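In what follows, a structure is listed as structure tokens, so that the remarks can point back to it.
The values are calculated or read from the model by the stated rules, or taken from the named source; none is laboratory data. Computed from a prediction, not measured in an experiment: that's the story for all the values here. Here the Cβ is made from the backbone with ideal geometry for all residues, glycine too, and neighbour counts use every protein chain on show.
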Amino acid sequence: MKKLFLLTLILLAASGCGNQAQETSSADDPAAGKTLYFGGDILTMAGDRPAYAEAVLTDNGQITFVGNKQDALAACATTPTLVDLLGKTMLPGFLDPHSHFMSAVMMVNQVNVAAPPMGDAQDIPTILDKLAAFKAERQIADDDWLVGWGYDQDLLKERRHLTKQDIDARFPTNKVLIIHVSMHGAVLNSPALAWAGIDASTETPTGGIIARLPGSNEPAGLLMEMAYLPVFGKLPQPGDAELIDQMQAAQQIYAANGYTQAVEGFTHVKDMELLQRAASAGKLFLDVVSLPGFNEMDAWLNNPAYPFGEYHNHLKFQGGKFTLDGSPQGRTAYMTTPYLQGGPADEKDWVGNTSIPRDELARMAKVMTDNNIQINFHANGDVAIDDAIYAIEQAGITADQDRRPIIIHSQFQRPEHLAQYVQLGISPSYFTNHVFYWGDVHIGNVGRKKAGFISPLKAAHDAGLITSNHTDFNVTPLDPFFVLWTAMKRETRSGEILGADQCVDAYTALQGLTTGPAYQFFEENRKGMLKAGLLADFVILDTNPLRVATVDNVRGIKVLETIKEGRTIYRR
């Protein structure tokens, strides 16, 4: 319990949310009967333009009426519980379009070594000091594991990757693994590399990177993509009971940020089973959407143990997930033209690479499609996006079939991709937080013009595409108002406005956290709007995002309460 309490405090602080209860006018548990909300800005998110309602009536976890307060009261045979919003703003609960829920669960046993504002590590000695402090605090034995998360070489004073030599000097016997901020790689020290069976004789796998010490084949410590994936997959984990308990704190992080839905963005079979056990035990109070990974498709496809497309105790296996390339900040996204700074291991004329050969990808995508499994692609670079489009075409998908394939990130797409997205019915899930966190890095890696079209929300909206906008948590914080701000402002760390023509208004930005994710997961008739027949999933804010004085004021909005199916799951 102490671990859970500490995790919640640490991560809620990182997201800018508190968890101290205050007096509100909401009923403690209105789910069992009729409840009428009124007295504030009630933004329905129904339609392409902002629309407000005077009142919302709920009953047994569903919305039964949206409209005039007197009409709502007239529709009640008995007097409902009255909830006066006192001038606050109510919206549909925020829907996470893409994150890594199981990573949030695991963070309780890991060290935050991220740079500001996610953490405070700005150089290599600080990272090593934080690992040492964590080891002492947790009384970790000298031969046990130390795992850090959020490491970003581009934001360190040294402007280079950690090496095993850096880590070995402080931790010669512990097995140390420091996860890159992209979550597509890590740096390992010598004991961890030995445990993983990686040495000078280990060949670099297709689609992977093993950085080598200068002038030798000796691994330097950095593993990326397909060299890292098998290592991550066999890391030791706590027991099931502890992990299921940790899910409570992980869900609370989402709830404190106004989310009523969390996404597990690449689910291993062992975690599918763990999520099922948590759901069966009644431990999920958010909707958790799981995207099982392509690399274990033989285990889950057409397996009756893993039913797809429907909720069971708040858990839904939604579709298959392909990871096609890496991250642009890690210089492993698959690009048409070479990175201006070279590769992550100092490769020359480096364009990144793919995790899955194009024809094999197309084969697997068609198998999923033929078995009525929605296909989801992680694709950052423009060539990875080309490969995703090719696989969708080869699967025989067109827009009129309403298959809704999702290309997650879609960051460095070319303008001509948008017409292909429309033709094939592809829905992109963008990641505008990248503009702030790594916009300056992208300018250095790919040039200002290409970097300026990253996550082109405005162009996609103008093309008629339905989009979402995600955090990729724990790559960036879950803070929804930061997501809104980056979509509206597109300001980098240095203060440059990157791609000003792709800024959107507040309402369009809000659609990326409400109606967009609902559509992408075939849930537009279940959530994402305030409409009769939909779930009573709400977030109550201290300020209306559509009525702030300046774009920068959006970042200061606070979540006051989060309500899932009529029940309060978070109150500030």
Exercise. May I ask you to list the residues in region 361-401 that are of a type in the set (D, E, K, R) and either under 24 Å from the mean Cα position of the chain (by Cα) or surrounded by 23 or more Cβ atoms within 10 Å (Cβ to Cβ) (or both)?
Key: 382, 386, 387
Exercise. Among residues belonging to region 67-106 that are among the small types (Gly, Ala, Ser) and over 36 Å from the mean Cα position of the chain (by Cα), point out the one that is nearest to residue 507 (Cα to Cα).
Key: 72
Self-check item: Entirely in region 250-342, the strands (runs of 3 or more DSSP E) that have 3 or more residues that are under 25 Å from residue 357 (Cβ atoms) and among the charged types (D, E, K, R)
Solution: none
Quiz item: Regarding residue 176, is this residue under 25 Å from residue 409 (Cβ atoms), of a type in the set (Val, Ile, Thr) and surrounded by 14 or more Cβ atoms within 10 Å (Cβ to Cβ)?
Solution: no
Self-check item: Residue list for region 449-459, filter: surrounded by 24 or more Cβ atoms within 10 Å (Cβ to Cβ), closer than 29 Å to residue 47 by Cα and of a type in the set (A, V, I, L, M, F, W, C)
Solution: 454, 457
Exercise. Would you check which residues across region 328-350 are in contact with a helix residue (DSSP H, G or I) (Cβ under 7 Å, 6 or more places away or on another chain) and hydrophobic (A, V, I, L, M, F, W, C) and list them?
Key: 333, 335, 340
Quiz prompt | Those residues of region 45-68 which are assigned to a strand (DSSP E or B) and of a type in the set (Lys, Arg), in sequence order | solution = none
Quiz item: In region 465-502, which residue that is surrounded by fewer than 21 Cβ atoms within 10 Å (Cβ to Cβ) and touching a Lys or Arg at 6+ places or on another chain (Cβ under 7 Å) is farthest from residue 407 (Cα to Cα)?
Solution: 497
Quiz item: Residue check: is residue 298 touching a helix residue (DSSP H, G or I) at 6+ places or on another chain (Cβ under 9 Å) and among the acidic types (Asp, Glu)?
Solution: no
Quiz item: Which of the residues that make up region 523-572 are of a type in the set (D, E, K, R), surrounded by fewer than 16 Cβ atoms within 10 Å (Cβ to Cβ) and closer than 19 Å to residue 49 by Cα?
Solution: 547
Quiz item: With (1) in the same structural domain as residue 46 (by TED's automatic domain parsing); (2) modelled with pLDDT of 95 or more as the list, and residue 126 as the residue in question, which single condition is left unmet?
Solution: (1)
Practice problem: Go through region 225-242 and give me each residue that's exposed (fewer than 13 other Cβ atoms within 10 Å of the Cβ) and not in a helix (DSSP H, G or I). | Solution: 234, 236, 239
Quiz item: For region 215-224, does any single residue satisfy the condition of being modelled with pLDDT of 95 or more, in a loop (DSSP other than H, G, I, E, B), among the hydrophobic types (A, V, I, L, M, F, W, C) and in contact with a strand residue (DSSP E or B) (Cβ under 9 Å, 6 or more places away or on another chain)?
Solution: no
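This table checks each residue for (1) more than 27 Å from residue 179 (Cβ to Cβ); (2) assigned to a loop (DSSP other than H, G, I, E, B).
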| residue | (1), (2) |
| --- | --- |
| 421 | yes, no |
| 429 | no, no |
| 436 | no, no |
| 455 | no, yes |
| 477 | no, yes |
| 495 | yes, yes |
Exercise. Would you check which residues across region 515-533 are out of contact with any Asp or Glu (no Cβ under 8 Å at 6 or more places or on another chain), more than 23 Å from residue 68 (Cβ to Cβ) and in a loop (DSSP other than H, G, I, E, B) and list them?
Key: 521, 522, 523, 524, 525, 526
Quiz item: What number goes with the only condition from (1) crowded, with 20+ Cβ neighbours inside 10 Å; (2) among the hydroxyl-bearing types (Ser, Thr, Tyr); (3) touching a helix residue (DSSP H, G or I) at 6+ places or on another chain (Cβ under 7 Å) that residue 514 does not pass?
Solution: (3)
Practice problem: Could you please let me know if residue 283 is out of contact with any strand residue (DSSP E or B) (no Cβ under 7 Å at 6 or more places or on another chain), closer than 23 Å to residue 523 by Cα and of a type outside the set (Gly, Ala, Ser)? | Solution: yes
